[in-house]
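The values are calculated or read from the model by the stated rules, or taken from the named source; none is laboratory data. Quick caveat: nothing in here was measured; it's all calculated off a predicted structure. Note that each Cβ is placed from the backbone with ideal geometry, even for glycine, and that neighbours are counted across all protein chains shown.
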């Protein structure tokens, strides 16, 4: 079983079932399709709390690349499963816990800086 920790801004959307995906950098092991995932706030701190239970089930693990522009006003570009970089509509950004594409782009620029990010898109569904 794999655990993921989230920033405070995403906790309510995860608990309410509005955010059912996360984008993470490469690491030794990500969740696998069909496997439960544990979702936390503040993992490895005294404030640690589980966001949802029973544990949701991983439904997809997809390679993702994000091109974060250096200048404001330009949208981030996304590549899923190796498809060429492209602008994704607001629905993708909203599903990831943002208000829209501009908010998504700003978060990625502020958190990761401009440039290219490579990782995985992990999606989950409530436990049946």
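Would you confirm, using the coordinates I've provided, whether residue 34 is at positive phi and touching a strand residue (DSSP E or B) at 6+ places or on another chain (Cβ under 9 Å)? Yes; evaluated as a whole, the condition is true for this residue. Residue 107 meets all of the listed conditions (1) outside any helix (DSSP H, G or I); (2) closer than 21 Å to residue 11 by Cβ; (3) within 14 Å of the chain's Cα centre (by Cα) but one, namely (1). The number of residues in region 95-104 that are closer than 29 Å to residue 35 by Cβ, in contact with a helix residue (DSSP H, G or I) (Cβ under 9 Å, 6 or more places away or on another chain) and either loosely packed, with under 13 Cβ neighbours inside 10 Å or in contact (Cβ under 8 Å) with a residue 24 or more places away in the chain (or both) comes to 3.
Would you be able to tell me the number of residues in region 23-45 that are in contact with a helix residue (DSSP H, G or I) (Cβ under 8 Å, 6 or more places away or on another chain) and under 22 Å from residue 66 (Cα atoms)?
As a first pass, look at region 23-45 and keep what is in contact with a helix residue (DSSP H, G or I) (Cβ under 8 Å, 6 or more places away or on another chain): 39, 41.
Filter once more, keeping what is under 22 Å from residue 66 (Cα atoms): none.
Residues meeting the conditions: 0.
Pairs needed: first member in region 105-126, in contact (Cβ under 8 Å) with a residue 12 or more places away in the chain; second member anywhere, surrounded by fewer than 13 Cβ atoms within 10 Å (Cβ to Cβ); C-beta distance under 6 Å; at least 6 residues apart or different chains. Every condition considered, the pairs that remain are 114/70; 119/25; 119/26. Counting only residues that are touching a residue at least 40 places away in the same chain (Cβ under 8 Å), part of a loop (DSSP other than H, G, I, E, B) and surrounded by 12 or more Cβ atoms within 10 Å (Cβ to Cβ), region 18-47 holds 6 of them.
Can you tell me which of 82, 100, 113 is in contact with a strand residue (DSSP E or B) (Cβ under 9 Å, 6 or more places away or on another chain) and at pLDDT 85 or above?
Details: 82 fails: at pLDDT 85 or above; 100 fails: in contact with a strand residue (DSSP E or B) (Cβ under 9 Å, 6 or more places away or on another chain).
Result of the check over 82, 100, 113: 113.
Within region 57-75, being assigned to a loop (DSSP other than H, G, I, E, B) and either under 19 Å from residue 122 (Cα atoms) or at pLDDT 95 or above (or both) holds for no residue.
Have a look at 80, 51 and point out the one that is surrounded by fewer than 17 Cβ atoms within 10 Å (Cβ to Cβ), in contact (Cβ under 8 Å) with a residue 40 or more places away in the chain and closer than 27 Å to residue 102 by Cα.
When all the criteria are applied, what remains is 80.
Among the residues of region 51-69, none qualifies, meaning not one is on the phi > 0 side of the Ramachandran plot and more than 14 Å from the chain's Cα centre (by Cα).
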